[in-house]
Structures are given as C-alpha cells and as structure tokens.
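Asks: Below you will find the structure I want to go over with you.
Nothing in this text is a laboratory measurement; each read-out follows from the coordinates by a stated rule. Small disclaimer: the values here were computed from a predicted structure and weren't measured. With ideal geometry, Cβ positions are generated from the backbone for all residues, glycine too; neighbour counts draw on all protein chains shown.
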Amino acid sequence: MTKKTYKRCLLIMILIGLCLVPVLYAQSDHRPQAVKEVAYEFQVPLSKDVKRLKEIYKEPDFHGDGEAGILLSAKAEEIKFIEDRLSPYEVDKNSKEFDALEGCLKVLNRRGFQPGLSEISRAYFKQTTDYRYGNFIGLLIDEKTNKILYVRWDT
C-alpha cells in the first residue's frame, strides 16, 4: 500500500466515523435515567412522554441501605398501559405489601420528599430479594393527578 493510498483510506475511515456520530446520537435514548430505571425494574416500556418531576436518593450508607423515591408524571393513556402490564404485581390496600409501601412513603416524607399524591388509586409491589419486606420496589399510582411514585426499600 502506498503512502497516498494509506492516507486516502485513513481519511475515508475518519469521515465515516464522523458521519456515524450524529446517527448514533439520534438513535440513543434521551430520557432521564430515573425513567429508564423504573422501566427496567418493572420491565414496562415507558414512552418519552413520561417525565421525572423529582427524585430522592438513598442517604449515604456504608451498605447502600435505605429508601429512595422517584416521582413521574404521565398521560392517562400511559398510566392505563402501565396498569395493564403490571397486574401480576398489584396489591390490595389491606395487604402487608401495601403497608410496607406506605411505610417507605412515610420515611420519604420525613426526609422531606413530598410527592403530592392526592389519592393512591393502585399499588404495585415487587420483592427484589428473598427477604420480602426488607428489599422491595413499588409503584404507587394516582390517577387523579396522573402521577406515578416509584419507591425502593433496601435493608
């Protein structure tokens, strides 16, 4: 390969690489990481219309234990879609799982996280380890305000 051919080949590869950057950027998912986390944890595809309103992280801890919350807003159609997909995880308001979700919500409220849910229409509970009430995630849906509260509890 001559020097001229080598330079031409290198220039073509660089131009192809530069042309791919905007294509790859356009194909990427631009939603906030919090929305992606909720979609991943419950295996529910969320549209780009779902927005993160506010979020509270776990307090710094050696073990990474604690509670966290993400408040999302969505359209009514999106909430109906989520409710249909998560029906196996739905819990009754008189169950121990719902009590665990409310306990997590109370702790988040004490830490200053006020989600502003007017009424919890539906609740979903999913344990993340064998210890059912010690490590779980949940979704609390308020259909009146079209808000979704994702909570995580780790012990």
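Asks: Run the helix sum for the chain: -39,500 (n - 2.57) per DSSP H stretch of 4+ residues, divided by residue count, reported at 222 nm to the nearest 500 deg cm²/dmol.
Replies: About -12500 deg cm²/dmol.
Asks: How would segment 61-121 be classified by its alpha-carbon gyration tensor: rounded, prolate or oblate, with rounded meaning a/c under 1.5 and the a/b versus b/c comparison settling the rest?
Replies: Details: a/c = 1.79, a/b = 1.49, b/c = 1.21.
It is prolate, given that a/c is not under 1.5 and a/b is the larger ratio.
Asks: Same structure, new question: How charged is the neighbourhood of Cys104? Take every other residue with its Cβ under 9 Å from the Cβ of Cys104, and add Lys/Arg as +1 and Asp/Glu as -1. Mind dumping the intermediate values first?
Replies: Working: positive: Lys106, Arg152; negative: Glu67, Glu102.
After counting each charged neighbour, the total is 0.
Asks: Okay, next question. Which whole-number percent gives the relative contact order of segment 33-154, counting Cα pairs below 8 Å spaced six or more residues apart? Kindly include the intermediate steps, with their values, before the conclusion.
Replies: On the way: 204 pairs, mean separation 32.2, N = 122.
Taking the mean separation of contacting Cα pairs over the length of segment 33-154, I get 26 percent.
Asks: Continuing with this model, one more query. In whole Hz, what ³J(HN,Hα) sequence does segment 109-124 give by Karplus (6.51, -1.76, 1.60; θ = phi - 60°), x for Gly and Pro?
Replies: 4, 5, 7, x, 8, 10, x, x, 7, 7, 7, 7, 7, 9, 10, 10
Asks: Quick check on the exposure proxy: order Val44, Val35 from fewest to most C-beta atoms within 10 angstrom. Please list the in-between numbers first.
Replies: Numbers: Val44 17, Val35 21.
With the fewest neighbours first, Val44, Val35 line up as Val44, Val35.
Asks: Post the alpha-carbon centroid distance, segment 16-77 to segment 80-155, in whole angstrom.
Replies: Spelled out, the Cα-based centre of one part sits 18 Å from the other.
Asks: What does the charge dipole of the chain about its Cα centre add up to, to the nearest 20 debye, if the Cβ of each Lys and Arg holds +1 and the Cβ of each Asp and Glu holds -1? Spell out each step's value before the answer.
Replies: Details: 25 positive and 23 negative charges, 250 e Å.
The calculation lands at about 1200 debye.
Asks: Who wins for biggest fluctuation among Leu108, Leu139, Leu15 in a Gaussian network model of the chain, springs between alpha carbons below 10 Å?
Replies: Judging by the Gaussian network model, the answer is Leu15.
Asks: Go ahead and set up a Gaussian network model of the chain, Cα springs under 10 Å, then flag whichever of Asp99, Asp130, Asp142 fluctuates most.
Replies: Of Asp99, Asp130, Asp142, the most mobile in the Gaussian network model is Asp130.
Asks: At what distance in nm do the modelled label points of Gln127 and Asp99 sit from each other, each positioned 7 Å from its Cα along Cα→Cβ?
Replies: 1.5
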